[in-house]
């Protein structure tokens, strides 16, 4: 009888811990997305158009992301998370300025943002309601990531030899959107089933998925609306 009570107590404690991680993850995700929006607006207002500014912010953010992984259980994790998302939000400035310079740029940005938001909310809601385990996708997602990294390198090298890669860019963006959708399903299921115990790491994982999906959704919508 005592063993049953102990098991029940542990199960209840595990559920409470998982619920706490879920609550903290989505609360922090909301705040970091808002903070990113603020830094993106600042970048926009400064009219930064250089892709070097974009690359610099992305690389600096990746360095901070690496540090977050090392400091995930320390008090430094939260401010580092805001620093990371702030840098990547700032990186959006040159990208958004590029699209907003188009005649229908505002529509492109709003459409891409709306599609990204709807996709994230829809996939997240599906995982929460179905409680389906998407851990089986881990291997496919890892392989897909490697293929896309190779494709990205190829897109930098092939133009040197005079090869047109414009169609490849479109296919690449479509593949990234699909891959990020898979990562959202995978990461959300890991949060729901209690595999992810650190809400900071869960937050940055979802943030990276959303960021990459939005960037490449912009590319797809921009291509389809190119005058």
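Remarks
- Only listed residue being surrounded by fewer than 15 Cβ atoms within 10 Å (Cβ to Cβ), under 24 Å from residue 35 (Cα atoms) and modelled with pLDDT of 90 or more, chosen from 208, 121, 200: 121
- Test: residue 149 is within 19 Å of the chain's Cα centre (by Cα) and exposed (fewer than 14 other Cβ atoms within 10 Å of the Cβ): yes
- Test: residue in the stretch 184-193 that is under 18 Å from residue 126 (Cβ atoms), surrounded by fewer than 18 Cβ atoms within 10 Å (Cβ to Cβ), out of contact with any helix residue (DSSP H, G or I) (no Cβ under 7 Å at 6 or more places or on another chain) and at pLDDT below 95: yes
- Any hit, the stretch 167-180, residues being in contact (Cβ under 8 Å) with a residue 60 or more places away in the chain, assigned to a helix (DSSP H, G or I) and crowded, with 16+ Cβ neighbours inside 10 Å: no
- Residue match in the stretch 39-53 (condition: under 24 Å from residue 198 (Cα atoms) and surrounded by 14 or more Cβ atoms within 10 Å (Cβ to Cβ)): no
- Residue within the stretch 111-123 that is more than 23 Å from residue 185 (Cα to Cα), assigned to a helix (DSSP H, G or I) and in contact with a helix residue (DSSP H, G or I) (Cβ under 7 Å, 6 or more places away or on another chain) present: no
- Condition check for residue 73: loosely packed, with under 14 Cβ neighbours inside 10 Å and either closer than 18 Å to residue 180 by Cβ or in contact (Cβ under 8 Å) with a residue 40 or more places away in the chain (or both): yes
The values are calculated or read from the model by the stated rules, or taken from the named source; none is laboratory data. Just so you know, these numbers come straight off a predicted model, no measurement behind them. Here Cβ is always computed from backbone atoms with ideal geometry, including for glycine, and neighbour counts include all displayed protein chains.
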